[in-house]
Amino acid sequence: MSERLKILYAASECAPFAKTGGLGDVVAALPKALLAREHEVRVMLPLYAGMDWDSQELLEGSLEVPMGYGKEYAGVRLGKLPHSRVPVYFIEHRGFFDRAGIYGDEAGGFGDNIERYAFFSRAVMRLCAALGWIPDVLHANDWQTGLCPVFGNTMEKEHFLGTASVLTIHNLAHQGRTGRDDFGLLGLFPSYWDPDVFEHDDDLNLLKAGLRHATMISTVSPTYAQEIQSPELGRGLDYVLRERRADVWGILNGIDTEVWNPALDPNLPANYDVGDLSGKAVCKREVQRELGLPEREDAPLLALIARLDPQKGVDVVGDALPRLLDLDLQFAVLGTGDPEIEAWFGRVARERPDRFAARIAFDARLAHRLEAASDFFLMPSRFEPCGLNQMYSLAYGSLPIVRSTGGLVDTVQNYVEATAEGTGFRFEALTPQAIFDVVGWAVSTWYDRPEHYRILQRRAMEQDHSWDHSAGLYEQLYREALRRRRA
Ligand code: ADP
């Protein structure tokens, strides 16, 4: 029998309580999957405004949290992840977390985010000690909890000497940077100041400190784990990650196969699976009607669902659009974001209603329906730590057309005509020409080699991107971290 681990997840987001992106989904799904593998798991999260705090049990007493300038006090509430037995401890502090927004409001990011998350990270450590529950593995996420591994090796080491830490990078763009003088806020003894640990580009950098101190480091796909060690995608911290290259793992995020499953999806006009695709044809017809596109079975429908942000390469899609619409296809875009890109897509939709539809909205139901209706799914990201949409597309039998970057490389195998291998189509350079070429190649496969299209589609739908698989890899990571910590 392998050892049952006590695992703590410390994070600034956890769906459905608080979510701005992939981090929130991971912290919701991974603890459940580890619990299913018989580990003892707990989650700690700030109690933000708007949460249903009343239905969480208020624990007795208050938690004393040392800060650089004195003490703060936190309340603690206890709830559970929905539909599970995973305990969630909510750290309550009116001043820091009872605000209109998680990281900021309309006026921008909160000016005291460093202080807020230094407080939260220290509160996590203090709460473990107060509960007498010291984890074997402390899993911290992004810069907001980057100080947890630091505290575990410094101010809190008497409790956490035997605790291994893992720091996962979900988004390297945010690093928790501030002026060097803010070191004094963190609640670390001045003797712990070390520019090699805390400083980057003359700034205090909490992600860097976490990367220096964590027993192991991970990110959300194997390819992105390599890419962030390069100057192109390393956001200035590539040297730190290179120095620790032996400790950096890439583990793909999973998808929620109860929510994204064409056989069960309640959003669809008809359900289907790999054995019987007749329902997919119904979905295509319905969505064409819904979007005002001609109801054509004989033309491929290409979909794009994304934040309309340069990260997603949608500006280049905009440049490629007029030529793309010369191909005999239909193209439907669902997204919101950059106003210029929104306006351009809207204009083309008015000019070419026979071929192009744009829904400038956030519409989860339509996202499901479009995955089901489409034959191809375009994802030309500039960079992509993991990406979820391409995995949904595979599951829904909409072949992904992706740029070769990050998690897209790890989840989509390129079509090889000679052998009918692959699950989709990949391209390298992010240019209008390259997008035109790869979409043209995909569309010609659909028209000229329909038997190949079917083979790829079947293979795509049979891929396993469930959390269970990834949870097994995290378990290996935790055991490795613990082995090193105890060595
Ligand atoms: P990222 O997290 O970088 O935005 P992902 O592909 O990992 O990209 O996940 C995006 C998620 O957001 C997917 O679930 C996708 O369906 C959803 N999404 C993005 N834009 C929209 C939209 N306009 N309407 C509905 N869902 C959207």
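In this structure, Ser393 qualifies as small (Gly, Ala, Ser), part of a helix (DSSP H, G or I), buried (at least 23 other Cβ atoms within 10 Å of the Cβ) and within 16 Å of the ligand (Cβ to nearest atom). Which ones in segment 430-456 are open to solvent by 20 Å² or more (accessible area, probe 1.4 Å), part of a helix (DSSP H, G or I), touching a helix residue (DSSP H, G or I) at 6+ places or on another chain (Cβ under 6 Å) and among the hydrophobic types (A, V, I, L, M, F, W, C)? Once the filter is applied, which keeps residues that are open to solvent by 20 Å² or more (accessible area, probe 1.4 Å), part of a helix (DSSP H, G or I), touching a helix residue (DSSP H, G or I) at 6+ places or on another chain (Cβ under 6 Å) and among the hydrophobic types (A, V, I, L, M, F, W, C), segment 430-456 yields Phe436, Trp446. For first residues located in segment 9-24 and open to solvent by 40 Å² or more (accessible area, probe 1.4 Å), partners that are at pLDDT below 95 and away from the ligand (no atom under 15 Å from the Cβ) and lie 6+ apart or on another chain with Cβ distances below 7 Å form the pairs Pro16/Pro82; Phe17/Met51.
A search for C-beta distances below 7 Å between a residue of segment 297-309 that is away from the ligand (no atom under 16 Å from the Cβ) and any residue that is in a strand (DSSP E or B), counting only pairs 6+ apart in sequence or on different chains, returns Ala299/Gln330; Pro300/Phe376; Leu301/Gln330; Leu301/Ala332.
Can you tell which of Phe345, Phe362 is within 9 Å of the ligand (Cβ to nearest atom) and not in a strand (DSSP E or B)? Going through Phe345, Phe362 in turn, just one is within 9 Å of the ligand (Cβ to nearest atom) and not in a strand (DSSP E or B): Phe362. Pairs meeting the criteria (first residue in segment 320-339 and within 18 Å of Val287 (Cβ to Cβ), second residue among the acidic types (Asp, Glu), beta carbons under 7 Å, at least 6 apart or on different chains) are Leu334/Asp363. Remark: pairs (first residue in segment 426-455, over 15 Å from Leu321 (Cβ atoms); second residue part of a strand (DSSP E or B) and not charged (D, E, K, R); Cβ separation under 7 Å; 6+ apart in sequence or on different chains) = Arg426/Val402; Arg426/Asn414; Trp441/Phe425; Ala442/Phe376; Ala442/Leu399; Ala442/Ile401; Ala442/Phe425. For segment 5-16, filtering for residues that are at pLDDT 95 or above and out of contact with any His (no Cβ under 6 Å at 6 or more places or on another chain) leaves 7.
Open to solvent by less than 10 Å² (accessible area, probe 1.4 Å), free of Cβ contacts under 8 Å to residues at least 40 places away in the same chain and out of contact with any Asp or Glu (no Cβ under 6 Å at 6 or more places or on another chain) - does that describe any residue in segment 140-152? Scanning segment 140-152 turns up at least one residue that is open to solvent by less than 10 Å² (accessible area, probe 1.4 Å), free of Cβ contacts under 8 Å to residues at least 40 places away in the same chain and out of contact with any Asp or Glu (no Cβ under 6 Å at 6 or more places or on another chain). For segment 239-252, the criterion of being touching a Lys or Arg at 6+ places or on another chain (Cβ under 9 Å), open to solvent by less than 20 Å² (accessible area, probe 1.4 Å) and of a type outside the set (Val, Ile, Thr) is met by none of the residues. For Arg459, are the conditions met, namely being open to solvent by 40 Å² or more (accessible area, probe 1.4 Å), in a helix (DSSP H, G or I), out of contact with any helix residue (DSSP H, G or I) (no Cβ under 6 Å at 6 or more places or on another chain) and under 20 Å from Leu388 (Cα atoms)? Judged against the criteria, Arg459 is a match.
Inspect all residues belonging to segment 465-485 and state whether any of them is under 30 Å from Asp319 (Cβ atoms) and charged (D, E, K, R). No, segment 465-485 contains no residue that is under 30 Å from Asp319 (Cβ atoms) and charged (D, E, K, R). Note on segment 253-296: residues that are assigned to a loop (DSSP other than H, G, I, E, B), in contact with a strand residue (DSSP E or B) (Cβ under 8 Å, 6 or more places away or on another chain) and either open to solvent by less than 30 Å² (accessible area, probe 1.4 Å) or farther than 11 Å from Tyr396 by Cβ (or both) total 7.
Scanning segment 355-374 for any residue that is touching a Leu at 6+ places or on another chain (Cβ under 6 Å) and open to solvent by 40 Å² or more (accessible area, probe 1.4 Å) turns up at least one such residue.
Return yes when Leu188 is assigned to a strand (DSSP E or B) and either more than 23 Å from the chain's Cα centre (by Cα) or within 24 Å of Gly70 (Cβ to Cβ) (or both) and no when it is not. So Leu188 does not fit the description; no.
The values are calculated or read from the model by the stated rules, or taken from the named source; none is laboratory data. Because the structure is a prediction, the values reported are computed rather than measured. Methodologically, a virtual Cβ is constructed for each residue, glycine included, from the backbone with ideal geometry; neighbour enumeration extends over all protein chains shown. Surface accessibility is based on the protein's heavy atoms, side chains included, excluding ligands, DNA and RNA. Shrake-Rupley method; radii C 1.70, N 1.55, O 1.52, S 1.80 Å.
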